[in-house]
Every structure is written in structure tokens, then in C-alpha cells.
Amino acid sequence: METKTKFERLGLFDAKVPRYTSYPTAPHFNAHVGPNTMQRWISEVPQGAEISLYIHIPFCRRLCWFCACRTQGTTSQARVSAYLDTLLAEVDMLGAALPAGVRLKRLHWGGGTPTLLDPEMTARLAARIAQVAPFAEAAEFSVEIDPNELDQARVEALASAGMTRASIGIQDFDPHIQSVIGREQSFVVTANAVRLLRDVGVHSLNADILFGLPFQTPERISASVNKLLSLSPDRVALYGYAHVPWMARRQTLIPSDALPTPQERLRLFDVARQLFVWDGFREIGIDHFAIPSDGLAVAKTSGQLKRNFQGYTDDQSDVLIGLGASSISRFPQGYAQNNAATSRYTGAIQSGTWATARGHVFDDMDRVLGRIIEALMCDFEVELSEIEAPAPLRAAARELLHSASDTFGDAVIVKPDRLRIPKESQALTRMIVRHFDAYAVEAGRHASAI
């Protein structure tokens, strides 16, 4: 009760803040980063570097009402095929721009629904990528899987392409909740997808599940988590449902009066969290869980946990290149994002020009604050002596560090060059991180802090 009172006093249940999968966050990108910048940053990747590559497939057979991702519905395989042709052309552009000897340490296909690609499409895309940048030793190739769009042929094509990790979206197994959020996916269908993946040798399994959905109760989320645990995932993302109908119009189909209150959301999260911990999962950051042998748990233990647009990661690459409509690249110099409109993305690539529409060039303060934010999001503590920065920037960061205690009181532990968020305050992490965000945070653009 004392902890809940503290959260109320600090405004947790009213706050709306970014998820901080990047810094600055995407709403602060600008049009000063364009195709020429993208070309230059790619050309400046060191020869022989090991990089990460993200491929975005924006199509879904049906649009789930809860989703706020950059997706579009289609029943036409011809549209998917035409998009693939454009994507292959972009892969070729990347191959022409990359310095010699670059290899892939991570490859991720996301969306949307990458499993809308039929086996022949999957093979074409994988082969073209391999021509441009082959896998490095111990590379990881992960794919987001919709169990409703998976069959034996697709699984075998992905396995032949080298997939090592599958990420399955679940959200909730309760049939009533599924119908309300527009995502009907039975446990039987999901379990069958897991079996298909295991049978072809894909043993690393991620799963996404949501808390804060309409009509969700502690009993219902407990039942869903226990069903998920029976599938033996290696890692789980326990995301809070972000109800942002002003950004994602499809969410207007979800009854807002059936959503749990912020206080109830916290209870739902804690119920699910305890079940994962009791089953032997390690807690990773604010919303991930992993078995001890998983790469995320190992990275957490070794102090190498990172954060990117997919959430928490053990990816140590300095360069992440995103291909496809709306995809975001991260270079040491800054961020570059492709046009989100598929038609404009296609027009640019087909004309032989990068589809980069916006981004952000880092300055020194961005780098310092970005590292502080990532450290707090990943490790719940930051040590300024471990961050390279000019003396004036270090002094400014130190002032921010100490002013955090004025704002959050005993919710943080501050020493001369160190800030730690104790276990009992970690639900406040995104709010505490916002304290180090030098850009204006517009509450109307973001979801609940819990």
C-alpha cells in the first residue's frame, strides 16, 4: 500500500511517456536527414564490419484492432509480390553502397506479417540478402510469426533460409478478449505453430503478450500466462497495451470503457511478472523475461544489454540498417527513417533513390543523454564515470542526476556520479528516464507510463 501511495504521489497512474526504444524518440525526427545522408552513412560503415539488418513487411491478412504498428491489410498476394520486388531493389542498392566485407550479425524480419511471404518469396529475399551481406559467425536470424499465417511449407522455407529464432505474437489467449481486440488466435493454432518450428530445428522462441487489454482480469491473464508457459518460450515480452486511438484509428473499435485503470494495469503486470519469475525466468529491464541460458539473460548478467526498436536486445552491432517502408536505421551518426507510405517508399526505390524521409543527427549531448537513458532502461542504474563526454556535458549530466532526487525523492538513490533505481521503484523507470530527455515530451503522443 505504501508503494502504491508513492506511485500515486509521483504521478505514475496519470503519466504518459515514451517507451524510449530510441533517443531522441521518433516524434523528434526531422526532414534534415534524407537520401544523401543515408547514402553517406552507409558508405562510412567500416570495411568488414558486422552489422544488423531489419526487413519490414508492412502487410497483414487482417488488421488487429489493438495494433498501432505501421501495417496495412491486404488479401492480394499480388500486392505482397510487388512490394517484394521493390524490397529486393532496395537490397541491391544496399549492396552497391556497402563497403567490402560487411557481414550480418543479426537479421530480423518484422511487420506486419513476414509469414505472408510464400516459400518462393522467402527464398528469393533470403538469397538476395545473402548475396549482399552473408551471415557472420554465430549470426542470429529472427522472424516475427503469425501462427494464423504459418504452414509446413513456410516453416521449411524459413528454416532453409537460416532462421534461428522465431517471435510469436500472442497478446492473450482468452477468446472473449481476442474477439474484442480483433485478434482471434486459438491456443491450439499457436501450439501447432510452435510444434512446426521445433520440428524443423528452430529452438529459440520469443513470445509477446499484452497486459492492460479490455476485460482483462488477474484471473484471465494468469490463465493466458500459464498457457504460454506450457509452450516453453525462451524469452517473453510483457508489453502494456498502448491505447492511442488518435494515432491508430482501428483502436476506436476497442471499447475504452472496458479498459483497466492504471492501478489495475499495474496489478495485471505484477500478476504476470510473478508467474514468469516463479517459472524460473530472469527479469530483463522493465518488461522482458528470459530463461537463464537465453542471450538476453546472459547480456543482462554481463552488463551488455541494449535497447533498440524491437525492445531489449543482446545485439552489440553499432549499425542497424532498416529496409522497407517506415523502417528505421541507426548509425553512430544518427537515425534515418524510410517513408512510411508504401506508395512513396516504392516510388523512391524504383527511381533508384533511397526512401529516407526523416531522421536525426546526433550531437554530443544526445549521445550522453542517450547512454544515460539506455543504462537506466536496461540496468536501472548509471555511472557517469563510464560515459565518455566533454567536461561541460559531464557537468550538465551530473546536475540532472542530482536534480532527479529533488523530483523523485527516495524513489531513486543518487550518489556523486551515480543514480540507481531500486527494485521497489522500477515501475517508475520510464518517468525517471523522462527526466533526462532534453526534448519536449507531448503527453498526447504517448501511452500510459504503466
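Key figures
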quantity: Inverse mean reciprocal Cα-Cα distance (Kirkwood Rh) of region 1-40, Å; calculated: 13.5
quantity: Environment charge at Gly95 (Cβ cut-off 14 Å; Lys +1, Arg +1, Asp -1, Glu -1); calculated: 0
quantity: Net charge, Gly212 excluded, C-beta distance under 11 Å - Lys, Arg +1, Asp, Glu -1; calculated: 0
quantity: Pairwise FRET efficiency - Gln131 versus Glu44, Cβ, R0 = 22 Å, nearest 0.05; calculated: 0.50
quantity: Contour minus Cα-Cα distance for Val277 and Glu383 (0.36 nm per residue); calculated: 35.4 nm
quantity: Nearest-10 value in Å² for the accessible area of Asp208, using the 1.4 Å probe; calculated: 40
quantity: For the chain, with +1 on Lys and Arg beta carbons and -1 on Asp and Glu, the positive-most of Leu275, Pro24, Leu259 along the dipole; calculated: Leu259
quantity: Where GluC sites (Glu not before Pro) in DSSP loops with at most 12 other Cβ within 10 Å are excluded, longest remaining stretch of the chain; calculated: 185-387
quantity: Whole-number accessible area per residue in Å² for region 71-114, which is evaluated in the context of all protein chains at 1.4 Å; calculated: 33
quantity: Arg249-Lys4 FRET efficiency (beta carbon distance; Förster radius 30 Å; 0.05 resolution); calculated: 0.30
quantity: Chain lengthening between Ser186 and Thr353 when straightened (0.36 nm per residue, less Cα-Cα); calculated: 55.8 nm
quantity: Kirkwood-based shape ratio for region 1-94, expressed as Rg/Rh from alpha carbons; calculated: 1.13
quantity: Contour excess over end-to-end distance, with Cα ends at Arg344 and Asp199 and 0.36 nm allotted per residue; calculated: 48.2 nm
quantity: Helix-only CD estimate at 222 nm, as mean residue ellipticity for the chain, using -39500 (n - 2.57) per DSSP H run (n ≥ 4); calculated: -11500 deg cm²/dmol
quantity: Exposure ranking of Leu305, Leu400 by accessible area [1.4 Å probe, largest first]; calculated: Leu400, Leu305
quantity: Label point at Phe362 placed 7 Å out along Cα→Cβ; residues across region 310-347 whose backbone nitrogen lies under 15 Å; calculated: 316-321, 329-336
quantity: Spacing of the two label points (7 Å from each Cα toward its C-beta) at Asp417 and Phe215, in nm; calculated: 5.6
quantity: Rounded to the nearest 10 Å², the accessible area of Lys4 at probe 1.4 Å; calculated: 80
quantity: Simple Cβ-charge dipole of region 200-346, Lys/Arg +1 and Asp/Glu -1, about Cα centre, in debye nearest 20; calculated: 360
quantity: Region 218-312: Rg to Rh, with Rh as the Kirkwood radius over Cα pairs; calculated: 1.02
quantity: Separation between Cα centres of region 322-351 and region 102-177, rounded to whole Å; calculated: 20
quantity: Total charge dipole magnitude, the chain, about the Cα centre, Cβ charges on Lys, Arg, Asp, Glu only, Debye to nearest 20; calculated: 580
quantity: Computed accessible area, Asp118, all protein chains, 1.4 angstrom probe, square angstrom; calculated: 40
quantity: Reduced Cα scattering model of region 16-64, Debye log10 I(q)/I(0), q = 0.15, 0.28, 0.29, 0.31 Å⁻¹; calculated: -0.77, -1.09, -1.09, -1.10
quantity: Residue pairs, from the table Lys105/Lys306; Lys4/Lys423; Lys6/Lys306; Lys16/Lys306, whose Cα atoms sit over 25 Å apart; calculated: Lys6/Lys306
quantity: Alpha-carbon spread of region 197-262, three principal axes, descending order, Å; calculated: 42, 27, 17
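The values are calculated or read from the model by the stated rules, or taken from the named source; none is laboratory data. All figures in this text were calculated on a predicted structure; none of them were measured in a lab. When we count neighbours, we look across all protein chains shown, and the Cβ atoms used for this are built from the backbone with ideal geometry, even at glycine. These area figures cover heavy atoms from the full protein model, side chains too; ligands, DNA and RNA do not enter into them. Shrake-Rupley method; radii C 1.70, N 1.55, O 1.52, S 1.80 Å.
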